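Below: the structure, in structure tokens.
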Amino acid sequence: METILSIETTTTNCSVSLSYQGETFALLEDNSKEYSHAERLHVFIERILAENNLKATQLGAISVSKGPGSYTGLRIGVSAAKGLCFALGKPLISVSTLEALAHQVKIDEGVIIPMLDARRLEVYSAVFDEKYNEIRAVEAQILEADSFNNYLEKGPVYFIGNGVDKSKTIIQHKNANFIENKLPSANEMSLIAYHKYKKNDIEDVAYFEPFYLKDFIALKPKSK
């Protein structure tokens, strides 16, 4: 079977999909603005399989959004994916969160900059061309008025993701296009995961870890 279950939990959107040969045929997600992945993810997985008359053993592979993103969200998604792979003996495929997010934008020219909100004025971002080739790797960066000017001066730039809310107040350029209210989804993981599946581009289930980009920083509790 070439049916792939994809899991996306890097932001507030808890999202799972089923796809066949790169095309999504079932999608369940909840963006309730709160991190509900611990409660909803396994329920969603069981539900999407049941609603499509599939058993987990019939899956060809499990794909998971590898980050960057929420530390807790990444842990939950990757743990669930690895657990399924161990139990079912299925291959694990990792998908770049920002690459999948970029696939929500269709353009003929210019570049796509998916960005996820980090702390304060910081975002996680990468840059892709109109064919989704990565032309600048993932970075954590502080937003400034001249951020991405080297791309903005050359043509249209399309920003997408929950980092848009802060970037649109800082970046004022005629070539900047802000696509609002979009989050990573398991829907766009399907085609990427299928291409990796066909090339046997899979992860070592025992040793795979999410791409956090930065170390997790636990906040100290406030003194009483």
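The numbers here are math on the coordinates, done by the rules we state, and not lab data. Bear in mind that the values here come from a model prediction, so they are computed numbers and not experimental data. Positions of Cβ are generated from backbone atoms using ideal geometry, with glycine treated the same way; all protein chains shown enter the neighbour counts.
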**OP:** Search the structure for amide H atoms under 5 Å from the amide H of Ala61, placed 1.01 Å from N in the peptide plane, and list their residues when 5 or more places away or on another chain.
**Re:** Leu5
**OP:** Using only alpha carbon pairs under 8 Å that are at least six residues apart, calculate the relative contact order of the chain and give it in whole percent.
**Re:** 23
Original post:
Which value, in debye to the nearest 20, describes the size of the charge dipole of the stretch 2-116 about its Cα centre when Lys and Arg Cβ atoms bear +1, Asp and Glu Cβ atoms bear -1, and nothing else is charged?
Top reply: 420
Original post:
Measuring from label point to label point, each 7 Å out along Cα→Cβ, what is the Leu213 to Ser79 span in nm?
Top reply: 2.3
Original post:
By counting other Cβ atoms within 10 Å of each Cβ, how are Thr9, Thr24, Thr169 ranked from fewest to most?
Top reply: Thr169, Thr24, Thr9
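If the only charges are +1 at each Lys and Arg Cβ and -1 at each Asp and Glu Cβ, what is the size of the charge dipole of the chain around the Cα centre, to the nearest 20 debye?
On the way: 25 positive and 29 negative charges, 130 e Å.
Charge dipole, the chain, about its Cα centre: 620 debye, nearest 20.
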**OP:** Apply the Karplus parameterisation 6.51 cos²θ - 1.76 cosθ + 1.60, with θ equal to phi minus 60°, to every residue of the stretch 118-128 and state each ³J(HN,Hα) to the nearest whole Hz, in sequence, with x for glycine and proline.
**Re:** 10, 7, 6, 9, 9, 9, 9, 9, 8, 10, 10
Original post:
Listing Leu121, Leu5 from the residue with the fewest other Cβ atoms within 10 Å to the one with the most, what is the order?
Top reply: Leu121, Leu5
Original post:
Relative to the compact globular guide of 2.2 N^0.38 Å, what is the alpha carbon radius of gyration of the chain, as a ratio?
Top reply: 1.03
Subject >> Exposure proxy ranking, count of Cβ atoms within 10 Å, fewest first, for Phe208, Phe86, Phe159 >> reply: Phe86, Phe208, Phe159
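Provide the net charge surrounding Ser17, with neighbours chosen by a C-beta distance below 11 Å and charges set as Lys +1, Arg +1, Asp -1, Glu -1.
Working: positive: none; negative: Glu8, Glu23, Glu29, Glu188.
Once all neighbours under 11 Å are counted, the net charge is -4.
Going through the DSSP H helices of the chain, which span 20 Å or more along their own axis at the Cα atoms while scoring at least 1.0 as a mean Kyte-Doolittle hydropathy?
Working: long enough: 37-51 (21 Å, 0.09); 71-88 (25 Å, 1.02).
Span-like helices here: 71-88.
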